[in-house]
Structure formats: C-alpha cells, structure tokens
Amino acid sequence: MKIIIRPDYESLSRTAADLVQAVVAVNPKATLLLATGNTPVGLYRELAKHHARGEFDASQTTIVQLDAYLELAPDDERSLYGWLDREFLAPQGIPPSNVIRLPGDTADPEDTCREFDRALAQAGGVDLSVLGLGPNGHLGFNEPPCAADAPTRIVALTPESIVSNARYWGRADRVPTRAITAGMSDLLAARATLLLVSGAHKREILSETIHGPITGHVPASYLQNAANVTVLADRDALPSAS
Ligand code: F6R
C-alpha cells in the first residue's frame, strides 16, 4: 500500500487527476471503476478541465458503476448513476454504451448482479478502481461485516451509511435502505486502486484501514493485501501515526 499525502483537498484532487490521466495515457482503453460520493468530485472536475484543455481523452475507456440505490431509476438525480453522469460521463462526453451499469430500478436484481459480473469479466476486469472510504470502512456499499470474496449483490445499508447519506436526501428516513454494490471480490481483483480520503471525519477510519487488523468489520482494511493500492489522503484525514 502506497500512501500519498497532500496538504488539502484541492491538491489531493489535482494529484488524483494526474494519476488517472497517466493510467489512461498508457492504456486509452482502460476499464475504470468509479465511485460517486463527495470525495472524488474534485478529481472529476479536475479531469473535466484536463479534457477541456485537450489533455485527457476517456472516450475509449470502459467505465464501471460501483453501486446504486435499489428501486431508484438511473435518471433520478439522486441516483448514483445520475451523479456519475453529471460529474464524469457528461463532462467527458462518454456515452452510456461505454458504461457497465447497475440499474437500481431493475425488476430482477439478482439477474442484474450476474449480468454485471458477466460484463465485467468480458471487459477483462478493472484496470483502475477509484474509491472513497465510507465512515464505517465500507467500499462501494460493501458494508461491514463483509467477506473478502463477497460478490456483486443486494445489500442492506447500515444505519451509519444511512445517516451519512441523509445529507443528500434531506432526512435519514428518506434514504433508500437497500442498494446493489460491485462485490468486494471485484474491488480486490482490480489491477490498481486509488483510495481517496479527505477530511478529519475520516481520520479514525483511515487509521483502521491502513494500520488496523485486516477484518471484514472494516472492509477497506482488505486493501492492505490487494495489489497496487494507492491511498491518497489530505492532511486533515491523516492519522497522527502515519
Ligand atoms: C459511492 C460509494 C461510497 C462512498 C463512501 C464515501 O459510490 O460507493 O462507498 O465512496 O461512502 O463517501 P464520501 O466520498 O461522500 O465521503
């Protein structure tokens, strides 16, 4: 696990953009699994600037959706696909046909999970996974406790995740309680991972992630054993022991 520290969120986002751009420069057809949530927004906005300057072209990449609320249509602005579209796909001009999706409004969630796994396998797996760190150590919606080999599946959100997502829904009791998530096994199989962590509220869980025991109670701690993981954190998120 490589740890890169940046003084603040803005410089974290610029460094993340340079790292993603370098991967796509070497492999324009890279498969990129991309988180939503607040943390990567700065990265996506940086990449939009790179794209506008003609320095970043993701038109040949395959994008993989990380997770989705169940029973929420992808065109709902609160859906995680809607978020990804606004922040990354649309600014980059990437069509939906380049995206391996998790439609939350599927009539057959089990089949959707298997179809997602099939499409991901057909794409040859993930070249770079860009992840945020949940307040309870979740990656995607791989909520604790979670096995390292957990597949793509339907999950119930933990109370902690519901409270943390309430800011996007106005009230905790409006947050959907179930989601589909790419499996922990898919995340751990990625050929490279960039974990973005910003803010003092992530300090404790980041410390457990990088220094604590490897346990399903902190799913992100599995990254200690994964290949080619870079943790990119700002100083506020930094555990004092690092
Ligand atoms: C988002 C996702 C979540 C977030 C995590 C951190 O697609 O899967 O795991 O990455 O909850 O969220 P933020 O970045 O908002 O703190």
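The numbers here are math on the coordinates, done by the rules we state, and not lab data. Model, not experiment: these values are computed from the prediction. Quick reminder, even Gly has a Cβ in these numbers, built from the backbone with ideal geometry, and neighbours come from all protein chains shown.
Given N residues in the range 86-144, what is Rg(Cα) / (2.2 N^0.38 Å)?
This ratio for the range 86-144 stands at 1.31.
Which of the aspartates and glutamates could a cross-linker span from Lys202 if the Cα-Cα distance has to be under 15 Å and same-chain partners fewer than 8 positions apart are dropped?
Straight-line reach from Lys202, under 15 Å: Asp8, Glu160, Asp234, Asp236.
What percent does the relative contact order of the range 51-108 come to when contacts are Cα pairs within less than 8 Å and at least six residues apart?
The normalised contact order for the range 51-108 reaches 46 percent.
For Ala25, what charge total do you get from the other residues with a beta carbon under 11 Å from its beta carbon, if Lys and Arg give +1 and Asp and Glu give -1?
Charge balance in the 11 Å sphere: -3.
Between Asn225 and Val26, with labels modelled 7 Å along Cα→Cβ, what's the label distance in nm to one decimal, could you check?
2.5 nm
Amide H of Arg6: which non-local residues (sequence gap of 5 or more, or other chain) have their own amide H closer than 5 Å, using H built in the peptide plane?
Ala233, Asp234, Arg235
Which loop-located trypsin sites (Lys or Arg not before Pro) does the range 170-209 contain, where loop means any DSSP state but H, G, I, E or B and the Cβ has at most 12 other Cβ atoms within 10 Å?
Arg171
What are the principal axis extents of the Cα atoms in the chain, in Å, biggest first?
That gives 48, 43, 35 Å along the principal axes, largest extent first.
Taking the range 7-45, which trypsin sites (Lys or Arg not before Pro) meet the DSSP loop condition and have no more than 16 other C-beta atoms within 10 Å?
Of the trypsin sites (Lys or Arg not before Pro), the ones in loops of the range 7-45 whose Cβ has at most 16 other Cβ atoms within 10 Å are Lys29.
Could you work out the relative contact order of the chain? I mean the mean sequence separation of Cα pairs under 8 Å and 6+ apart, divided by the number of residues, in percent.
25 percent
Name the residues of the range 138-163 whose amide N is less than 17 Å from a point 7 angstrom out from the Cα of Glu110 along the C-beta direction?
Taking a point 7 Å out along Cα→Cβ of Glu110, the residues of the range 138-163 whose backbone N falls under 17 Å are 151-156.
Given labels modelled 7 Å from the Cα in the Cβ direction, how far is it in nm from Asp57 to Ile154?
Taking the two extended label points, one gets 4.3 nm.
Within the range 71-153, which GluC sites (Glu not before Pro) sit in a loop by DSSP and count at most 11 neighbouring Cβ atoms inside 10 Å?
Answer by residue number: Glu77.
Between Arg178 and residues 5 or more places away or on another chain, which pairs have amide H atoms under 5 Å apart, with H built 1.01 Å from N, and which residues are they?
Leu70, Leu157
Indicate the gyration tensor shape class of the range 113-242 (rounded, prolate or oblate), computed on the Cα atoms with a ≥ b ≥ c the square roots of the eigenvalues: a/c under 1.5 is rounded; otherwise a/b larger than b/c is prolate and the rest oblate.
oblate
Starting from 0 in steps of 10 Å, tell me what percent of the Cα-Cα pairs of the range 28-132 lands in each bin.
Once binned at 10 Å, the Cα pair distances of the range 28-132 give 15, 48, 31, 5, 0.
By the scheme Lys and Arg +1, Asp and Glu -1, what is the net charge of all other residues having a beta-carbon under 13 Å from that of Glu204?
Computed value for this residue: -1.
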